[in-house]
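Trainee: The following block contains the structure, expressed as structure tokens.
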Amino acid sequence: MAGWQGGWVRGLRRTAVALAAPPLTAALAFAVARESAYGSLGDWGFFLGGLLLPLVLLGWHAARAARRGASLIALSALPAGLGAILALVSVGHSTLEERGVEISCMVLKVTKRTQTESSMDAEGHWTSTTRTSYDHRLDCPAGGPEHLDTPSRLAKEGESLAVVHDPQGKVSPRAAGHVHGRGLRTAAEVTVGAAVLLGLVGGIREAYEKRRRKPRRPTRR
């Protein structure tokens, strides 16, 4: 009886952790990003506390789940990590929506940069990913940015480009029309919700499988 109760409590605790991990890590990333945008937190604090720490915690959570065979709980770390990143990025967009200033800048030069990254999978096969970005050198009014790095060309040399920038300089500038605070928050909520759902199903499945594998005691006659 005591062993059954201990197993039930352990399963309940694991399910609770699976449900809590995604929203808590996303909330951590969001809180750190807010402190960076509105407080005195520096770039290193933003990177370590807002990006690295949530992903490390989720990786540890997934590794523990995978070690005991709870594949769905381990898999929930993927949308949870994406949700944390989206929550982190959404703060910058929301900050520009709240206090950003739109200005018109002249494009001085556009430089195309191509970067190729290679990685090896578990079977030893190499894959390459190419990332292209465009560095727009700008001539803006006083206080405006000197350049804008985007995944696509937004304007040609000599053309004007509307840019939204943070007067306090704590958030990276973006092209006008490319600020999506609400959309990113919604995407973060959806991915975190998917992670919670996976964790719930995984917790129920883990409890069911452990109970099914448990040997039954012979009945006395």
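The values are calculated or read from the model by the stated rules, or taken from the named source; none is laboratory data. If you're wondering where the values come from, they're calculated on a predicted model, not measured in any experiment. Cβ: placed from backbone, ideal geometry, glycine included. Neighbour counts: every protein chain shown. Ligands, DNA and RNA are excluded from the accessible area calculation, which covers all protein heavy atoms including side chains. Shrake-Rupley method; radii C 1.70, N 1.55, O 1.52, S 1.80 Å.
Trainee: Round to a whole number: what % of the accessible area of the chain belongs to carbon and sulfur, probe 1.4 Å?
Mentor: Numbers: 8260 of 14200 Å².
Answer for the chain is 58 percent, counting heavy atoms of protein chains only.
Trainee: Right, here's the next one. Can you pull out the GluC sites (Glu not before Pro) in segment 90-186 that DSSP calls coil and that have at most 15 other Cβ atoms within 10 Å? Each step should come with its number before you reach the end.
Mentor: Values: sites: Glu97, Glu98, Glu102, Glu117, Glu123, Glu146, Glu157, Glu159; in loops: Glu123, Glu146, Glu157, Glu159.
Here the sparse-neighbourhood loop sites are Glu123, Glu146, Glu157, Glu159.
Trainee: Given N residues in segment 1-111, what is Rg(Cα) / (2.2 N^0.38 Å)? Numbers along the way, then the final one.
Mentor: Numbers: Rg = 19.5 Å, N = 111, 2.2 N^0.38 = 13.2 Å.
My calculation over the Cα atoms of segment 1-111 gives 1.48.
Trainee: Can I ask one more? Once you have the alpha carbon radius of gyration of the chain, what is it after dividing by 2.2 N^0.38 Å, with N set to its residue count?
Mentor: Values: Rg = 23.6 Å, N = 221, 2.2 N^0.38 = 17.1 Å.
Taking the Cα Rg and dividing by 2.2 N^0.38 Å, one obtains 1.38.
Trainee: Separate question: Set the Förster radius R0 to 45 Å, insert the Cβ-Cβ distance between Tyr38 and Gln115 as r into 1/(1 + (r/R0)^6), and round the FRET efficiency to 0.05.
Mentor: Details: r = 32 Å, r/R0 = 0.71.
Rounded to the nearest 0.05, the efficiency is 0.90.
Trainee: So if R0 is 45 Å, what FRET efficiency would Leu53 and Ser152 give, r being the distance between their Cβ atoms, rounded to the nearest 0.05?
Mentor: Numbers: r = 32 Å, r/R0 = 0.70.
With a Förster radius of 45 Å, E is 0.90.
Trainee: Does segment 88-170 classify as rounded, prolate or oblate by the C-alpha gyration tensor (a ≥ b ≥ c root eigenvalues; a/c under 1.5 gives rounded; else a/b over b/c gives prolate, otherwise oblate)?
Mentor: oblate
Trainee: Moving to a separate point now. When the dipole is taken about the Cα centre of the chain, and only Lys, Arg (+1) and Asp, Glu (-1) are charged at their Cβ, what size is it in debye, to the nearest 20?
Mentor: Values: 29 positive and 18 negative charges, 500 e Å.
I would put it at about 2400 debye.
Trainee: Spelling out what I want: for every residue of segment 66-74, take phi, set θ = phi - 60°, compute 6.51 cos²θ - 1.76 cosθ + 1.60 (Karplus), and round to whole Hz; glycine and proline get x.
Mentor: Each residue's phi maps through the Karplus curve to give 5, 5, 9, x, 8, 5, 5, 5, 4 Hz.
Trainee: Right, another one. Along the charge dipole of the chain, which of Ile103, Ala20, Ser172 sits closest to the positive end, that is, farthest toward it, with unit charges on the beta carbon of Lys, Arg, Asp and Glu (+1, +1, -1, -1)?
Mentor: My answer, from the dipole projection, is Ala20.
Trainee: Would you calculate the separation in nanometres between label points at Tyr208 and Ala31, each defined as 7 Å from the Cα along the Cα-to-beta-carbon direction?
Mentor: 3.5 nm
Trainee: Run lengths n ≥ 4 of DSSP H only: what is the helix-derived mean residue ellipticity at 222 nm for the chain, with -39500 (n - 2.57) per run over all residues, to the nearest 500?
Mentor: Values: 5 runs with 113 residues, N = 221.
My calculation for the chain gives -18000 deg cm²/dmol from helical runs alone.
Trainee: Local charge sum around Lys170 (other residues, Cβ-Cβ under 13 Å, Lys/Arg +1, Asp/Glu -1)? List each step's numbers first, then the result.
Mentor: Working: positive: Arg34, Arg99; negative: Glu35, Asp43, Glu98, Asp166.
It works out to a net charge of -2.
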